Amino acid sequence: MKFSIYFVAALSLIFGVSVQANPTFADLAVLLAKGQFKEHVSVDASLEECVAFLNQQGVCFSLFDLMDPARRVTKEDFSRVIGQSRLLFLGEADVVDGCIKKPAVAITWVDYCLLNDVGFSELWVRFLRRMEKGSLLEVDQFFGGG
Amino acid sequence: MRKSIVYSTVVIFLLSWMSVSTVLAQSLMPATIADQGSDKVGQEVKAAVEAGYRSTKNKNDVKKQITDIMNEAVKNGNVENLKATIIGAMEAGGADNLDLCIAAINDSQADETYPDIVKNLMASVKAMILANKGSGKKDQGGGKDQGGGAGHNLLDDGGTNIDDGDLPGTPT
């Protein structure tokens, strides 16, 4: 019995963050724009302004992803935008069809982040932790909930 | 026959009807889009409507094409596919053809059958498309010193401790 309790408690600690969080692309866009790009995006910017800024830079967000609040950001999605942001900051962004291209040296964006010590896993956990608190005000306002 | 195959076939038919290039039509074989979810449907609708815009100068033809696609999406009964269809059609025309696309959707049965979904989604997509069009300038103001922020930075854990290795910000 005790073992079961400890087992469940351990599982909760390990998976608790990802189970409770609902990471949407809209939230990610706002966090990224107002966080990593805060020097360029106004603190008062709306969701659509954040998305427009990021898309303009090549950190692309699809309308199909953004318009579906049930669609969750995966680790691969997250690593892509973080990787694209890094390339942008380094001045190494190669934009193809409006999106910053993944460097050929890495097979996936997760690989790219790991190979370049982006500290991606920590960012991912922080993102999920933030999402545990619920959607951002900008997102709620856009979809009429705020 | 599965509904998605029927739906995809109709998209292909409409694509051909608009006399688009054979190469493009061949690249949109039903097998490639069947059962691949609403994303695929949306992408195919986007491609079809884009081809429509390219193939004719008569915008009314494209408008009718969009209305027909919407009606098929309603018949199909899959709300997710319908949403993807709306997004794909609106994105295909961009900001310059927003009014035409909205009118086409309003002419379809989608607006009657799912009024709230259609109205809300169209408003959201329109806002996104217009914002994308209007974002001509890189610097939207602000400058380096914008104050403490609202815990938006992913490198900021939301706490005010300056010794914890992150970028201390305002707790949320």
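The values are calculated or read from the model by the stated rules, or taken from the named source; none is laboratory data. It should be emphasised that the depicted structure is a prediction, and the values quoted were computed from it without experimental measurement. Quick reminder, even Gly has a Cβ in these numbers, built from the backbone with ideal geometry, and neighbours come from all protein chains shown.
Summary of values
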| read-out | value |
| --- | --- |
| Of the criteria (1) touching a helix residue (DSSP H, G or I) at 6+ places or on another chain (Cβ under 9 Å); (2) at pLDDT below 80; (3) in a helix (DSSP H, G or I), which one B:K40 fails | (2) |
| Every residue from the range B:84-116 that is within 14 Å of another protein chain (Cβ to nearest Cβ) and either farther than 16 Å from B:I129 by Cα or crowded, with 24+ Cβ neighbours inside 10 Å (or both) | B:A84, B:T85, B:I86, B:I87, B:G88, B:A89, B:M90, B:G93, B:C101, B:D116 |
| Condition check for B:K64: surrounded by 17 or more Cβ atoms within 10 Å (Cβ to Cβ), in a helix (DSSP H, G or I), of a type in the set (D, E, K, R) and touching an Asp or Glu at 6+ places or on another chain (Cβ under 7 Å) | no |
| Close pairs from the range A:37-51: first of a type in the set (S, T, N, Q), partner crowded, with 19+ Cβ neighbours inside 10 Å, Cβ under 8 Å, at least 6 apart | A:S42/A:E49; A:S46/A:E138; A:S46/A:F142; A:S46/B:A131 |
| Given (1) buried (at least 19 other Cβ atoms within 10 Å of the Cβ); (2) within 14 Å of chain A (Cβ to nearest Cβ); (3) of a type in the set (V, I, T), index of the condition B:V79 fails | (1) |
| Residue match in the range A:70-86 (condition: touching a Ser or Thr at 6+ places or on another chain (Cβ under 7 Å) and facing chain B (nearest Cβ under 8 Å)) | no |
| Residue ID - nearest to the other protein chains (Cβ to nearest Cβ), chosen from residues in the range A:9-34 that are modelled with pLDDT of 90 or more and over 13 Å from A:F78 (Cβ atoms) | A:K34 |
| The range A:40-61 - residue that is surrounded by fewer than 19 Cβ atoms within 10 Å (Cβ to Cβ) and of a type in the set (S, T, N, Q) and, of those, farthest from the other protein chains (Cβ to nearest Cβ) | A:S46 |
| Residue in the range B:108-129 that is under 23 Å from A:C50 (Cβ atoms) and modelled with pLDDT under 50 present | no |
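Residue-by-condition table, conditions (1) more than 23 Å from B:D39 (Cα to Cα); (2) without any contact (Cβ under 8 Å) to a residue 12 or more places away in the chain; (3) not in a strand (DSSP E or B):
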position	(1), (2), (3)
A:F61	no, no, yes
A:G83	yes, no, yes
A:L87	yes, no, yes
A:V105	yes, yes, yes
A:Y112	yes, no, yes
